[in-house]
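Heads up, the thing below is written out as structure tokens.
The values are calculated or read from the model by the stated rules, or taken from the named source; none is laboratory data. Keep in mind the model is a prediction, meaning the values are calculated, not measured. Counting neighbours? That spans all protein chains shown, and the Cβs are built from the backbone with ideal geometry, glycine included. Keep in mind that these areas ignore ligands, DNA and RNA; they rest on the heavy atoms of the full protein, side chains included. Shrake-Rupley method; radii C 1.70, N 1.55, O 1.52, S 1.80 Å.
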Amino acid sequence: MSAVQIRTLESADVSAVLKVWNRALKRDPMNEGRFIGGVLCDADYWPGDDSGFFVAAHAGRPVGFLRAIIRRHSNDRVGVEPELGWIPVVAVDPEHRRGGVGTALMNAAIGHFKRHNRKRIWVCGNTGSAPGYVFPGVDKDAYAGGLTWFHKMGFRIDHESIAMARGTFDFDVAAFTAESRAGGTAVQIMGLTADRVQDFFSFLAEAFPGDWNTAARMKVRSGALGEVLIALLDGRVVGYCQWEGEHFGPFGVRPEVRNRKVGAQLFVEAVRRIRAADGRTVWFNWADDDVARFYGRFGLTATRQFAILVKDL
Ligand SMILES: CC(C)(COP(=O)(O)OP(=O)(O)OC[C@H]1O[C@@H](n2cnc3c(N)ncnc32)[C@H](O)[C@@H]1OP(=O)(O)O)[C@@H](O)C(=O)NCCC(=O)NCCS
């Protein structure tokens with residue numbers, strides 16, 4: 001451990017950090033393009049001594065890293081959340097584990113958070129606020145050792161979330177459509193159109209404050225309106241979902257309109273469209289426990305279970 005130095009991420013570290021990532025986080029491979037997009041292009045990532053991206057270097061070469069995030073820009077209308085910090089990812093090369101490298105990275109991160117007056121740290125975040133999102137939390141099965149380590153570092157499980165999936169080829173659209181309408185409130189489900197964009201954004205800002213707004217704006221800006229559905233009740237937007245290829249979400253219905261099968265009608269139509277666009281599966285990485293029951297009715301099964309952790313400083 002004495003030969004390991006903790007420092008900020010440097011330009012020339014990228015390929016070595018990616019090597020560590022792919023050796024340590026086997027269930028979540030990372031490539032150069034996504035790393036550059038997700039870290040270096042993130043407006044909250046400021047290169048330099050205060051980047052929060054810590055690298056553990058052994059003989060000058062990265063053998064571990066930890067990303068600690070503080071928001072430098074407002075999370076849509078929610079603000080910069082000045083008391084919060086986030087750790088979206090940490091990894092130590094398998095050959096260098098159990099020698100205190102992870103602990104040294106965590107100590108550096110905690111120092112960083114304290115300098116920035118943070119009171120509560122999340123691994124990795126919550127619905128509406130998960131900056132630097134890679135996965136919702138620690139995969140309890142794939143990274144069981146990582147979970148033990150976080151406990152040792154003083155984190156506790158706040159709640160859990162699950163990833164789910166199913167094939168689309170045998171998704172019975174007719175049966176599920178009938179079921180989703182029976183006993184529910186009839187709403188108009190439609191693809192997002194230019195003349196509804198503003199209503200859609202107003203609905204999101206009010207019903208789902210935070211980073212879903214950013215995700216929706218990115219989607220609309222990309223021009224892929226065909227991957228957004230809205231639900232209208234008496235002409236008012238009461239729910240929506242978006243997806244990317246086979247990757248479903250985010251997805252939400254106004255709290256006061258829940259339990260009236262609006263979500264079911266949205267989901268069935270989304271799967272129909274995903275399949276029509278040649279999607280063979282439908283999957284998502286993040287549903288809080290209670291929402292998982294909803295998807296179970298449509299034959300999705302759990303593929304991963306995540307622990308969302310918290311530590312108060
Ligand atoms: C989690 C991880 C970063 C820990 O790195 P590390 O350098 O091995 O951690 P440390 O040496 O500082 O461990 C400190 C203590 O934590 C506990 N601990 C660490 N790894 C553990 C494991 N696999 N099983 C049980 N306890 C563990 C031990 O008490 C250890 O002290 P000890 O070795 O004296 O018993 C590393 O295991 C890793 O990269 N895992 C894969 C990636 C991952 O799980 N990331 C989390 C998802 S973001």
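Data overview
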| quantity | calculated |
| --- | --- |
| Net charge contributed by nearby residues that have their C-beta within less than 9 Å of VAL237 (K/R +1, D/E -1) | +2 |
| Kirkwood Rh, Cα atoms: Rg over Rh of the chain | 1.00 |
| Check: region 212-297 dipole with +1 on Lys, Arg Cβ and -1 on Asp, Glu Cβ, in debye | 200 |
| Volume of the Cα convex hull of region 4-160, divided per residue and given in Å³ | 108 |
| Kyte-Doolittle mean at least 0.0 and Cα axial length at least 18 Å: DSSP H helices in the chain | 101-115, 262-276 |
| Expected 222 nm ellipticity per residue - DSSP helices of 4 or more, -39500 (n - 2.57), all of the chain, to 500 | -9000 deg cm²/dmol |
| Cα-based Lys pair tally, the chain, threshold under 27 Å, eight or more apart or on separate chains | 14 |
| Calculated FRET efficiency for the pair PHE201/LEU313, C-beta based, R₀ 41 Å, to 0.05 | 0.70 |
| Net length gained if the chain between ARG72 and THR301 were fully extended (0.36 nm per residue, minus Cα distance) | 78.7 nm |
| Alpha carbon centroid spacing (whole Å) that separates region 47-112 from region 148-187 | 30 |
| Area of THR193 that stays accessible when all protein chains are in place (1.4 Å probe, Å², to 10) | 50 |
| Region 62-164 - accessible surface per residue (Å², probe 1.4 Å) | 41 |
| Residue-level accessible surface for TRP283, protein heavy atoms, 1.4 Å, Å² | 90 |
| Calculated FRET value between LEU233 and HIS151, using beta carbons and R₀ = 51 Å, to 0.05 | 0.70 |
| Three-way shape call for region 249-313 based on the alpha-carbon gyration tensor, with the a/c threshold at 1.5 | oblate |
| Simple label model, 7 Å out from Cα along Cβ direction - HIS159 to ALA12, nm | 4.6 |
| Cα gyration tensor of region 169-279 - equivalent ellipsoid semi-axes, whole Å, descending | 21, 18, 11 |
| Those trypsin sites (Lys or Arg not before Pro) in region 2-104 that DSSP places in a loop and that have at most 11 other beta carbons within 10 Å | LYS26, ARG27, ARG98 |
| Bridge type composition, the chain - antiparallel percent by DSSP, nearest 5 | 95 |
| Per-residue HN-Hα couplings for region 68-73 [Karplus 6.51, -1.76, 1.60; θ = phi - 60°; Hz; x = Gly/Pro] | 10, 10, 10, 7, 9, 10 |
| Residue-span extension gain [GLN5 to ASP170] - 0.36 nm each, minus C-alpha spacing | 54.0 nm |
| Whole-number percent relative contact order across region 195-313, with pairs defined as alpha carbons under 8 Å at least 6 apart | 17 |
| Accessible area, probe 1.4 Å, largest first, for residues MET153, MET106, MET218 | MET218, MET153, MET106 |
